[in-house]
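Below is one structure; the comments refer to it alone.
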Amino acid sequence: MVRIRVLVVDDHRIFAESLAAALAAEPDVDVSAAGSGPAALRSLERAAAEGRRYDVLLVDADLGAGLPGIRPAVPVQEVGEDGLVDGLSLVAGVRGAQPHVRIVVLAEKDDPRRAALALQAGASGWVAKDCSLSRLLTVIRGVLREETHLPPALLTGVLRELTAARKHRTESERLVESLTPREREVLRCMVAGLGRKAVAERLFLSPHTVRTHMQNVLGKLGVHSTLAAVALARRAGVGPVDLGPTGRIMSEESSSA
């Protein structure tokens, strides 16, 4: 019998352990529980190293709900012992590092916007926490067959959100394309969280020149802050800069400032 390895991730330990116990009663399911994002990532890494990878991750939609701000997606290998990882970041990080793992988000309530964000991050399903065990098992087995599972009541709302997100991405891509090669380099530095001085050092430019480039970037993107520029860049698929072995940025273009 082929067994399904499931990891339940929920910071409400009673719920996580109760759900794990219920799933463990199934003859074809092996299940473990983790009480936080970092604990889940360590479990995934350990299982992969031992050659017994998990098949399905069940993630609490409100995991780390008390964390301030919005965390970026964090690759498994970059999460520290005491790192903080929210639910959507966990979804994106796991899908990036272990794409074979199928992820189902468990939610207290239906939310089309968050469900759409979960699907965009790489989840294969969104399930209410008060659903029946048989329904959850159907979803678990379904996502392993490459199916996507959503509550019927959410379908229209999620499709609307995904369509809007695609429109925003197209507009964001158009704005980014208006930047010069050097301005795109500066934008990628901004996405990486580098300040003006750090950008100047990395690109071998003067702080005054970097300031001018940053002002041009904000103006062309039609935003008024670095945070807004970074959000738009991410929607357009712009990633952070890559550092070469000497620490200098590997430019998209070889042109000078």
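The values are calculated or read from the model by the stated rules, or taken from the named source; none is laboratory data. Everything numeric here is computed off the predicted structure, so don't read it as measured data. When we count neighbours, we look across all protein chains shown, and the Cβ atoms used for this are built from the backbone with ideal geometry, even at glycine. With ligands, DNA and RNA removed, areas are computed over all heavy atoms of the protein, side chains included. Shrake-Rupley method; radii C 1.70, N 1.55, O 1.52, S 1.80 Å.
Summary of values
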{"read-out": "Largest-first ordering by accessible area, 1.4 Å probe, given options Asp86, Asp130", "value": "Asp130, Asp86"}
{"read-out": "Segment Thr138-Ile14, length gained on full extension (0.36 nm per residue, minus Cα span)", "value": "42.3 nm"}
{"read-out": "Residues whose placed amide H lies under 5 Å from that of Ala33, excluding near-sequence neighbours", "value": "Val8"}
{"read-out": "Extension gain, Gln120 back to Glu201 (0.36 nm per residue minus Cα-Cα distance, nm)", "value": "25.7 nm"}
{"read-out": "Relative packing of 4-15, 145-156, which averages over residues the other C-beta atoms within 10 Å, highest first", "value": "4-15, 145-156"}
{"read-out": "Inter-centroid distance (Cα atoms) of region 115-189 relative to region 194-223, Å", "value": "32"}
{"read-out": "Two-site label geometry, Ala21 and Thr156: point separation in nm, points 7 Å out along Cα→Cβ", "value": "4.1"}
{"read-out": "Shape of region 108-152, Cα gyration tensor, a/c cut at 1.5", "value": "oblate"}
{"read-out": "Calculated FRET value between Arg145 and Asp110, using beta carbons and R₀ = 22 Å, to 0.05", "value": "0.40"}
